[in-house]
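Worksheet: one structure, shown below.
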Amino acid sequence: MPVHLFGRPVDMERVMAIAQDHNLPVIEDCAQSTGATWGDRKVGSIGQMGCFSFFPTKNLGGCGDGGALTTNDPEIAATVRMLREHGSRTRYYHEAIGVNSRLDAVQAAILQIKLRYLEGWNAARHAVAERYQTLLGAVPGIVLPTVPQGGATVWNQYTIRIESPPEKGSEWRDRVRQFLMDQGIISMIYYPVPLHLQQVYASLNLGPGSFPNTELAAHQVLSLPMYPELSTEAQARVAHGLKDALAAI
Ligand SMILES: Cc1ncc(COP(=O)(O)O)c(C=O)c1O
């Protein structure tokens, strides 16, 4: 299950080759990447299935929860339609234990209108990312996100890393974040706790140190303001704030 995280497409040629070698189905997680492409194909159209989220923070967000699944396989489509309707193909006749996962009509109407604007919004996000690159490209102590060769990113998040020695844990990043917050600049941490350290997976006994690169990333990542309407002035303020924060830690 490749996750096109932060809007950045995974190298789907490699994924599909591995899947083919091992006879595995591929389900693409496109929740943060609506509109991203790999090669000349949109993500969500390359594996057997693509899963999309319409949570309001996503590139195509509704006014509440919602999501969609894409597939080119009619059998999968029919099965998923059945499962989303309490396991029923014909009303009140149930063949499986399903769920209620219908997209409600109000959300659908909102999303149908917003879909027209998606490409423009993604282009605006791209411009924001390019401005960050110009503003922050020469700033020491941070690592900027890279863009993949072979695909187009849609910048659901603009996530940098605050370089710090592993023994510092998240201290430097947290201080930068607090410094920004004190100036009224909101940043987010995606994600503070790696999967193997989540309580839900405690039974796997994978303690700290099991995945050092993942843990270091969790301690260093910081997502800066990123949305299509972010003004040049506001973005300059973020960049100044970040430089001041880095000087202060
Ligand atoms: C990468 C990723 N996958 C899956 C999900 C789940 O989407 P939803 O909350 O719409 O079920 C999210 C939402 O935050 C996400 O960011």
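Taking each full run of DSSP H in the chain as one helix, which ones are at least 30 Å long along their axis (Cα atoms) and have mean Kyte-Doolittle hydropathy of at least 0.5? None clear 30 Å together with a mean of 0.5. Multiplying the residue separation of Y190 and M1 by 0.36 nm and removing their Cα-Cα distance gives an extension gain of 66.2 nm.
The Cα center of region 126-163 and the Cα center of region 67-88 differ in position by 36 Å. Taking trypsin sites (Lys or Arg not before Pro) in DSSP loop conformation with at most 13 other Cβ atoms inside 10 Å as exposed sites, the chain has its longest uninterrupted site-free stretch at 117-249. Calculated on C-alpha atoms, the gyration radius of the chain divided by its Kirkwood radius gives an Rg/Rh of 1.01. Quick one: net charge around R102, please, counting Lys, Arg +1 and Asp, Glu -1 for every other residue with C-beta under 11 Å from its C-beta. Cβ neighbours under 11 Å give a net charge of 0.
Measuring nothing but alpha carbons in region 149-214 and taking Rh as the Kirkwood radius, the Rg to Rh ratio lands at 1.04. The portion of the accessible surface of region 119-248 made up by carbon and sulfur, rounded to a whole percent, is 58 (1.4 Å probe; DNA, RNA and ligands excluded). Just how far, in whole angstrom, is region 191-249 from region 1-51 if you go by their alpha carbon centroids? Region 1-51 and region 191-249 have Cα centres spaced 24 Å from each other. Non-local lysine pairs in the chain, meaning eight or more places apart or on different chains, with alpha-carbon distances under 21 Å, amount to 4.
Normalised by 2.2 N^0.38 Å, with N the number of residues, the alpha-carbon radius of gyration of region 80-198 equals 1.59.
Per the Kirkwood definition applied to all pairs of different Cα atoms, how many angstroms is the hydrodynamic radius of region 5-115? About 15.2 Å, per the Kirkwood formula over Cα pairs.
Only bridges with both residues in region 5-115 count here: give the DSSP antiparallel percent, nearest 5. If I count the DSSP bridges inside region 5-115, around 75 percent turn out antiparallel. Among E215, E13, E95, the largest mean-square fluctuation in a Gaussian network model of the chain, built with springs joining Cα atoms closer than 10 Å, belongs to E95.
Placing dummy labels 7 Å off each Cα toward the beta-carbon, the span from A105 to T214 is 4.4 nm. Under 14 Å from the Cβ of G87, count the other residues' Cβ atoms, weight Lys and Arg +1, Asp and Glu -1, and hand me the total. Residues near G87 contribute +3 overall. Treating r as the C-beta distance of I18 and A234 and R0 as 51 Å, the FRET efficiency rounds to 0.75. Note that the chain presents 58 Å² accessible area per residue, ligands and nucleic acids not counted, probe 1.4 Å.
The values are calculated or read from the model by the stated rules, or taken from the named source; none is laboratory data. Because the structure is predicted, anything quoted here is derived from the model rather than measured. Please note: Cβ atoms are built from the backbone with ideal geometry, for glycine as well, and neighbour counts cover all protein chains shown. Note: areas computed on protein heavy atoms with side chains; ligands, DNA, RNA excluded. Shrake-Rupley method; radii C 1.70, N 1.55, O 1.52, S 1.80 Å.
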